[in-house]
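Structure first, commentary second.
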Amino acid sequence: MRRWIAVLAVLAVLMVIRPVFVETYTVPSISMEPALSPGDRIVVDKHGSIHRGDLVVFVADEAFYGRDPDRGVLQRLGDFFGVRPSEHVFVKRIIGLPGERVSVDAAGTLRIDGHVQHEAYLPDGVRASTTPFATRVPPGRYFVMGDNRGASDDSRNHLGDPGGGSVRASDVIGDVVWRYWPKDGWGSVDHE
């Protein structure tokens, strides 16, 4: 009987810890290569602070698809327990912080508030963007891009959308801290 009580206590603790502190996700696409590959399984810290260069998991319904579903009581309860009904959960890198001006010139050079950014995580020969742009990140939002710039649906592709393609802070689930699968990639995930 004590054994079952111990098992139930452990399960109860896990049911609280997982949705409150961490969540796990599977990387769905090649948009974050080489940092993350399709099928990688990652752990997301839901209470870490967000910095430029962090890899984050977020719900893209509002930022990329213009949908902002009403989050009723059942949906909010599902959010608490880590159940996200949206099929639009993405993994991207934080490029621009709230209030910053993000731009890429014709040469493919990324600038934040006019300062050149060196993106060491990009594969050799990959430019920040093949299409020039300039935008200001609204308050309470983040500008995100994938590392595999030629195969990433990210903030650049939604500049004309409401919010300028930026992601609300409230839609960020957390930052990626650990890869637990595949075994040969096991370990912490390096940010810039």
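Remarks
- Equivalent ellipsoid dimensions for region 148-191 as semi-axes, Å, which come from the Cα gyration tensor, largest first: 28, 15, 7
- Mean Cα-pair separation over length for region 96-192, i.e. relative contact order, pairs under 8 Å, 6 or more apart, %: 23 percent
- The Rg/Rh ratio for region 101-192 is 0.99, where Rg is the radius of gyration of the alpha carbons and Rh is the Kirkwood radius.
- Applying 1/(1 + (r/R0)^6) with R0 = 25 Å to the Cβ-Cβ distance of S170 and A134 gives a FRET efficiency near 0.45.
We did not get these values from a lab; they are worked out from the coordinates using the rules stated. Values in this document were obtained by computation on a predicted structure and should not be read as measured data. Virtual Cβ from ideal backbone geometry, glycine too; neighbours counted across all protein chains shown.
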